[in-house]
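**Student:** Could you have a look at this structure, given as structure tokens, before my questions?
The values are calculated or read from the model by the stated rules, or taken from the named source; none is laboratory data. This one's a predicted model, so the numbers in the text were calculated from it and none came from an experiment. Cβ placement follows ideal geometry from the backbone for every residue including glycine, while neighbour counts extend to all protein chains displayed. With ligands, DNA and RNA removed, areas are computed over all heavy atoms of the protein, side chains included. Shrake-Rupley method; radii C 1.70, N 1.55, O 1.52, S 1.80 Å.
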Amino acid sequence: MISFKTFNANLRPLASLALVSLLGVGLSACSEAKTETVEAVRPVKVVEIASMGTTRELDYSGSVKARTEMNLGFRVAGKITERVVNIGDKVKTGDLLARIDATDYQLGVSTAEANLHAAEKQVETAKLADERAAQLYAKKFASEAQREQAALAYRQASSQRDAAASSLKQARNQVGYAELRADQNGIVTSVSADTGQVVGAGTPVVAVAVDGDKEVQIAVPELEIAQFQPGKPVKVSFWSDAGLVLDGKVREVAGSADPQSRTFSVRVSLPDNGRVLLGMSATIEASVENGKSFVAIPLSALAKQGDKDIVWVVNGEQVHARDIKVASFADAGVQVADGLKPGDLVVAAGTQFMAENLRVKVPTPEQRAAANEATAAIR
């Protein structure tokens, strides 16, 4: 028979074990209660994919130039003694632009005049001898050989006189070439030589932009030059006059690329407009065929997963990674060749915080439209 005291003593360890068990259950319940948290929903900024279509716009900057620009230089060498015009001066046909020292050429004229005078005297002498030989031959006092020799001397003297006359004319022309004059109406765009400088024949001294048609010259990279053919219509806008937009047309495409920039020079003709001035900065806008339809995303939407390009696409309330194929990078963002289709919602910012099946909150279409309008207004 077990005594009550002994029974109580045996119950104490059991009670302690029961208390520990109850405490363990309670702590476990508290731990489970703490881990049962509400899953966070991250608000995200998204863009809706829209098709770029089969055409795209190309923009190139250039400057307004005259269709014809002449680099004028002296036709003879010499030292410049006077420059009459400055950059920006308007000139007319025949206006004096510059002058060189013509002293040596004037001396050449004097020499040529003296040579001509001597040749004319020789002609007179030869003519008298020819006439005298003809008279003697008629009276049988001179042989036929003597008569022919006199006639030949006369013709030779005449030829020398003609040569002397041509030399005099050439010398006088060189004196005239000592003055540089405008060939056509225009405006002086540059001056390459000044008073006191010795220039050779043909060295550019003054550049004159001829009045008349104006055009814009642009440089097009070789990847896009096939899109520009003579006759292609383009739009022309001007930085200094935002309200002026003209319809231009490609007039000329260079046959070879510039060896340094590897670009092709393209000239776009402009309609006659008094607001267009030489040297104005202009932008050429041309629509070209894409060849393949691409979609565009902001650069901030592009992410990396290993060595793959991905974007995070919203499907319902969750995001999922999707592989894409990047076609090219542009100022407006990234052109995607494969992996996206019109209507997809792509996370546009904070891609580093995304994870597979992460719950997100997407703005409503009205909120997205308001954000787009605000962005356009800032731009």
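**Student:** Using a 1.4 Å probe on the protein chains only, how many percent of the accessible area of the range 81-127 belongs to carbon and sulfur?
**Tutor:** 49
**Student:** A further question follows. As a test of reading the structure, rank TRP312, TRP239 by solvent-accessible area (1.4 Å probe, protein chains only), most first. Intermediate values should be presented prior to the final figure.
**Tutor:** Details: TRP312 20, TRP239 165 Å².
Correct descending sequence by accessible area is TRP239, TRP312.
**Student:** Something else now. Considering only DSSP states other than H, G, I, E and B, which trypsin sites (Lys or Arg not before Pro) in the range 296-348 qualify as loop sites with at most 11 other Cβ atoms within 10 Å? Before the final figure, lay out the partial values.
**Tutor:** Values: sites: LYS304, LYS308, ARG322, LYS325; in loops: none.
Sparse-neighbourhood loop trypsin sites (Lys or Arg not before Pro): none present.
**Student:** Suppose R0 equals 51 Å; then what is the FRET efficiency for ALA355 and SER237 from their Cβ-Cβ distance, rounded to the nearest 0.05?
**Tutor:** Numbers: r = 46 Å, r/R0 = 0.91.
Plugging the Cβ-Cβ distance into 1/(1 + (r/R0)^6) gives 0.65.
**Student:** Taking only protein heavy atoms into account and a 1.4 Å probe, give the accessible area per residue of the range 167-222 in Å².
**Tutor:** On the way: 2690 Å² over 56 residues.
With the other protein chains kept in place, the range 167-222 gives 48 Å² per residue.
**Student:** At a 1.4 Å probe, what is the % contribution of carbon and sulfur to the accessible area of the range 131-180?
**Tutor:** Working: 1690 of 3510 Å².
In the range 131-180, the share of accessible area belonging to carbon and sulfur is 48 percent.
**Student:** Between LEU136 and SER110, how high is the FRET efficiency from 1/(1 + (r/R0)^6) when r is the Cβ-Cβ distance and R₀ = 41 Å? Nearest 0.05.
**Tutor:** Working: r = 40 Å, r/R0 = 0.97.
After rounding to 0.05, the efficiency reads 0.55.
**Student:** How much accessible surface does SER300 have with a 1.4 Å probe, in Å² rounded to 10?
**Tutor:** 70
**Student:** Note down the magnitude of the dipole of the range 205-244 about its Cα centre, charges +1 on Lys and Arg C-beta and -1 on Asp and Glu C-beta and zero elsewhere, to the nearest 20 debye.
**Tutor:** Values: 3 positive and 6 negative charges, 21 e Å.
Value, rounded to 20: 100 debye.
**Student:** Could you pull out the pairs from LYS45/LYS232; LYS92/LYS169; LYS235/LYS361; LYS45/LYS308; LYS92/LYS249 whose alpha carbons sit more than 32 Å apart here? Show your work: numbers first, answer last.
**Tutor:** Numbers: LYS45/LYS232 41 Å; LYS92/LYS169 27 Å; LYS235/LYS361 43 Å; LYS45/LYS308 22 Å; LYS92/LYS249 29 Å.
Violating the 32 Å limit, Cα to Cα: LYS45/LYS232; LYS235/LYS361.
**Student:** Just to confirm, what accessible area per residue do you get for the range 53-110 at 1.4 Å probe, in whole Å²? Spell out each step's value before the answer.
**Tutor:** Details: 3340 Å² over 58 residues.
With the other protein chains kept in place, the range 53-110 gives 58 Å² per residue.
**Student:** Next up: I'd like the accessible area for THR364, computed on protein heavy atoms only with a 1.4 Å probe and all protein chains in place. Round to 10 Å², please.
**Tutor:** Surface accessible to solvent at THR364 totals approximately 60 Å².
**Student:** In Å², what does the accessible area per residue of the range 254-314 work out to with a 1.4 Å probe?
**Tutor:** 54
**Student:** Sticking with this one: Under 12 Å Cα-Cα from LYS79, which aspartates and glutamates qualify once same-chain neighbours fewer than 8 residues away are excluded?
**Tutor:** ASP101, ASP104, GLU179, ASP194
**Student:** Just the accessible area for LYS341, please: 1.4 Å probe, Å², rounded to the nearest 10?
**Tutor:** Result for LYS341: roughly 110 Å² accessible.
**Student:** Leaving out same-chain residues fewer than 8 places away, which aspartates and glutamates sit with a Cα under 19 Å from that of LYS139?
**Tutor:** ASP130, GLU131, GLU148
**Student:** Quick check: with the 1.4 Å probe, what order do LEU278, LEU223, LEU107 take by accessible area, largest first? Walk me through the numbers on the way to the answer.
**Tutor:** Values: LEU278 70, LEU223 155, LEU107 105 Å².
Largest accessible area first, the residues go LEU223, LEU107, LEU278.
**Student:** Taking the Cβ-Cβ separation of ASP323 and VAL288 as r and a Förster radius of 25 Å, what is the calculated FRET efficiency to the nearest 0.05?
**Tutor:** On the way: r = 29 Å, r/R0 = 1.16.
My answer for the efficiency is 0.30.
**Student:** Using the Kirkwood radius over Cα pairs, work out the Stokes-Einstein diffusion coefficient for the range 232-341 at 37 °C and 0.692 mPa s, in µm²/s as a whole number.
**Tutor:** Values: Rh = 17.9 Å.
Answer, rounded: 183 µm²/s.
**Student:** Give the carbon-plus-sulfur fraction of the accessible surface of the range 199-320 in %, rounded to a whole number; probe 1.4 Å, heavy atoms of protein chains only. Could the numbers behind the result be given before it?
**Tutor:** On the way: 3180 of 6380 Å².
Whole-percent figure for carbon plus sulfur exposure: 50.
**Student:** Okay, next question. On a straight-distance basis, which lysines could pair with LYS90 in a cross-link, Cα separation under 17 angstrom, same-chain partners fewer than 8 positions away excluded?
**Tutor:** Qualifying lysines at Cα under 17 Å: LYS65, LYS214.
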